[in-house]
Amino acid sequence: MSRSTSLLSYFCPCPRGLEAALAEELGEIAAGHTLQVHNQVPGGVHCSGTLADAMRINLHSRIASRVLLRMAHAGYRNENDIYDLALAAPWENWFDVHHTIRIDVTAIKSPLKSLEFTTLKIKDAVCDRFRDLCGKRPSVDTKTPDMRIVGFLDAHNFTLYLDTSGEALFKRGWRLETGEAPLRENLAAGLLRVAGWKPGMALLDPMCGSGTILVEAAQTLAGIPPGAKRDFAFEKFKDADAAQWQAIKASVKPNPPPPAPTLFGSDISGDMVAITRKNLNLAGIPFEVPLKQIEAQEIKPPELPPGTAAMIVTNPPYGERIGVRGDAALPTEELFTAFFSAFGTTLKQRFAGWQVFLFSADLGLPKLLRLKESRKTPFFNGALECRLFRFDMVAGFNRRPAKVPAPDNRS
């Protein structure tokens, strides 16, 4: 059986909290192909398929962080066991000695004392295998390697992967300009999926920053794959099938532009609005996304055809951009409280019938808004624990219940 048709094991890591969303997305990518989706584990999804399936995941997945090809898996007791496992793996089947490499190791409850030493042992094993085979060893490049090798240890087992992606998949290849601490693209895409947004639904981001949520939605609406503008490590694999990869890319069919705008954005910062507009253009969006410079607490819903499902999905910023201009003398905490109080009032008064999704690390956000959430979904933005709060804006029924004083039973 040739490498192009043999079934291989993969692990697709993702931001914690998005495992079910990634499994659902992989199921959609698998339709009509050999890709099989297996179990979800904290931080990712296991699957299997051909190398062409890995190409499709890299091209189409908006939620995966990488697509890792499993090279070896076994129990271990010490670093020498890990060296032996890495030495036995057939690296030469996948890349040549002239390719540069980088090794990354992560561990959960591993008894080994030093991940740095473990990383060094894997590097030594890979280099020793090439030296034994061809008298040369690959060079290490920690910044822009051709091949990334990933090791994962738990308390008893060790797994070695070869990264088919290269740069992390949230790096879509279009972003040149960002605001401060932009939301990663795969997390933004995951939030949209968990919120239930689909093409045809109206979407407003009133604190759009550099436009990450809007770009992810706009590319989905346009039928532009997230990996359309970037390269991948598998293109450098030994005997890479360039014709197969070109055929997979050529099978993508863009969607016709919507007859009227359904995506809308705004931000307090004119600079951010300009960056969002540029990022939408760089991402290849062929239709207009109306953008405004306006404070979030001043927004009004766009005019939509009757019966259009509509939602707000946004990641409220912190610090300077929270405040209303002219209130710079106020302490940040007071600005924060005043802003969310005003924003909550705007939502109640103007957005009846909308679903509102706010992604925040502030677990007290509903109290600041004076709204009762209908759902809160835990996520991690890196190591930071966050929530996606959902508010159903039904007129007169979404206020947080006031505390009722206890009855006076003294009489």
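Observations on the model:
- Taking Lys and Arg as +1 and Asp and Glu as -1, the other residues whose beta-carbon sits under 11 Å from that of Glu298 total +2.
- Highest-first arrangement of 136-142, 51-57, 249-255, where packing means the average Cβ count within 10 Å: 51-57, 136-142, 249-255
- DSSP-defined antiparallel bridges as percent of all bridges, the chain, nearest 5: 65
- Entries in Lys278/Lys300; Lys109/Lys372; Lys121/Lys143; Lys229/Lys253 that, when Cα-Cα distance is taken, lie over 27 Å: Lys109/Lys372
- For volume of the Cα convex hull per residue in Å³, the candidate list reads [x] 133; [y] 153; [z] 198; the entry that matches the value derived from this model is [z].
- Ellipticity estimate at 222 nm from DSSP helix runs (n ≥ 4, -39,500 (n - 2.57)) divided over the chain, nearest 500: -9000 deg cm²/dmol
- Principal-axis tilt of helix 51-60 within the chain, Cα atoms, nearest 10 degrees: 20
- Taking a point 7 Å out from the Cα of Asp128 in the direction of its Cβ, the residues of segment 62-88 whose backbone N falls within less than 18 Å of it are 72-88.
- For segment 8-163, share of DSSP beta bridges that run antiparallel, in % to the nearest 5: 75
- The angle between the Cα long axis of helix 115-134 and the main principal axis of the chain comes to about 40°, on a 0 to 90 degree scale.
- For Asp154, net neighbour charge (Lys/Arg +1, Asp/Glu -1) across residues whose Cβ lies under 15 Å away: +2
- For the peptides 195-202, 266-273, 158-165, the ranking by packing is 158-165, 266-273, 195-202, with the highest mean count of neighbouring Cβ atoms within 10 Å listed first.
- Principal-axis tilt of helix 79-88 within the chain, Cα atoms, nearest 10 degrees: 70
Each reported figure results from applying straightforward, stated rules to the coordinates on display, with no laboratory input. What you see is a predicted model; the values in this text were computed from it and never measured. Counting neighbours? That spans all protein chains shown, and the Cβs are built from the backbone with ideal geometry, glycine included.
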